[in-house]
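Read through the structure below, which is laid out as structure tokens, and then see the notes.
The values are calculated or read from the model by the stated rules, or taken from the named source; none is laboratory data. What you see is a predicted model, and the numbers here were worked out from it, not measured in a lab. Please note: Cβ atoms are built from the backbone with ideal geometry, for glycine as well, and neighbour counts cover all protein chains shown.
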Amino acid sequence: MKHVILDCDPGHDDALALFMAMGDPDIDLMEVTTVGGNQSLEKVTKNALSLIELVGGKVPVYSGAPTPLVKAPKWAGYIHGESGLDGVKLAPPKSEVAGTHAASQIVKTVMDSPDQYVTLITTAPLTNIALAALMEPKICSRVKEIVMMLGAVHTGNVTPVAEFNAYTDPEAAKVVFERKWPITMIGLDVTHQAICTKGVQKKLAEANPSLKEVLDGLINFFRESYKDEECFPDPPTHDPCAVAYALDPSVVKTVKCPVSVETKGDLTCGMTVADLRALAPKDCNTQVGLSLDVEKFWSMVEKDIANLRAGK
Ligand code: RIB
Ligand code: CA
């Protein structure tokens, strides 16, 4: 059983990651924390609450950092739309957030839980995680692992070398990577293999007819965004890759290597510099994803989606 805190910014692919986390019997989703990223904190938090209610989930949501540590916020409306989940009309949430200081909640949950109990899965900028580590450095030795959708070993998406979650808050990413905790970085080298083709989309909808309308709305909008903005014929579903790895590491090929985050370069700010040159130092606590077992990945997503029941 993985006892998980999911830090996210729903976001179309965050929604699929959240569905996976709620649908998988091997995940105890302890809480969801939200951070400004794909859209404003208010919008992504509302989306998280609505998505959880849609499938009858009972997971506490804590909203967190509204803006990056240093940089001015630049939401990804060009991909996720004005609401952060354009393409679907979710019922406004009936529930409220359980709290508004996600970083403090992450510290509390990790410190109140047994040692090596909590797995942090992040699918957004790392602002909440960095704040939590700065507030209470002890969490770095208590957390079982951090699995993050972030960064890239090779090509970026927001810039030639930087991926959106790292680019949005590079200072937070630097803080997180500079601490000694077990980090698995699932970057674009992996997630650009998680392409949601129309065939995959059909199988996901068939796996759960009660969610078909929402899944089709999400994926169709995401497809159009990626076609227009990044010339992808079908959308790469980044965030579920982090959940899949946390559940079964064999789904991603990884290599141990130091990762540093560029925060100063005019052309390279937000770049995750993975040093693959030589054998990783013995005390290296980071590994990066290089490739995805695509068939296994989609069968994991399909299985988890099938376990959910969407209400009206
Ligand atoms: O670069 C992809 C990442 O940025 C994903 O987490 C997506 O949801 C966006 O937040
Ligand atoms: Ca995200």
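Any residue in the stretch 9-18 that is surrounded by fewer than 24 Cβ atoms within 10 Å (Cβ to Cβ), at pLDDT 95 or above and aliphatic (A, V, I, L, M)? No, the stretch 9-18 contains no residue that is surrounded by fewer than 24 Cβ atoms within 10 Å (Cβ to Cβ), at pLDDT 95 or above and aliphatic (A, V, I, L, M).
For the stretch 219-245, the candidate set comprises residues that are of a type in the set (Val, Ile, Thr) and either part of a helix (DSSP H, G or I) or touching a Phe, Trp or Tyr at 6+ places or on another chain (Cβ under 6 Å) (or both); within that set, the residue that is farthest from Val200 (Cα to Cα) is Val243.
State whether the residues of the stretch 63-79 include one that is touching a Leu at 6+ places or on another chain (Cβ under 8 Å) and under 17 Å from Gly311 (Cβ atoms). So far as the stretch 63-79 goes, no, none of its residues is touching a Leu at 6+ places or on another chain (Cβ under 8 Å) and under 17 Å from Gly311 (Cβ atoms). Those residues that are in contact with a Pro (Cβ under 7 Å, 6 or more places away or on another chain) and among the polar types (S, T, N, Q), I need them from the stretch 260-306; list them, please. Across the stretch 260-306, the qualifying residues are Thr263, Asn285, Thr286.
Among residues of the stretch 16-40 that are assigned to a loop (DSSP other than H, G, I, E, B), those with a Cβ under 6 angstrom from a residue that is within 14 Å of ligand 1 (Cβ to nearest atom) and among the acidic types (Asp, Glu), sequence gap 6+ or separate chain, pair up as Val35/Asp9; Gly37/Asp9; Asn38/Asp9. Look at the stretch 268-282: where a residue is part of a loop (DSSP other than H, G, I, E, B) and surrounded by 15 or more Cβ atoms within 10 Å (Cβ to Cβ), no partner that is of a type in the set (A, V, I, L, M, F, W, C) and at pLDDT below 95 sits 6+ places away or on another chain with Cβ atoms under 9 Å. Selection of the stretch 1-54 for residues being closer than 21 Å to Pro125 by Cβ, more than 10 Å from ligand 1 (Cβ to nearest atom) and among the acidic types (Asp, Glu) yields Asp7, Glu31, Glu42.
Which one is surrounded by the most Cβ atoms within 10 Å (Cβ to Cβ), of the residues in the stretch 71-100 that are among the polar types (S, T, N, Q) and farther than 13 Å from Glu53 by Cα? It comes out as Ser83.
Looking at Ala133, Ala72, Ala124, just one residue is assigned to a loop (DSSP other than H, G, I, E, B), hydrophobic (A, V, I, L, M, F, W, C), more than 12 Å from Thr33 (Cα to Cα) and at pLDDT 95 or above, and that residue is Ala72. Restricted to helices (runs of 4 or more DSSP H) entirely inside the stretch 149-218, those with at least 3 residues that are within 16 Å of ligand 1 (Cβ to nearest atom) and in contact with a helix residue (DSSP H, G or I) (Cβ under 6 Å, 6 or more places away or on another chain) are 170-177.
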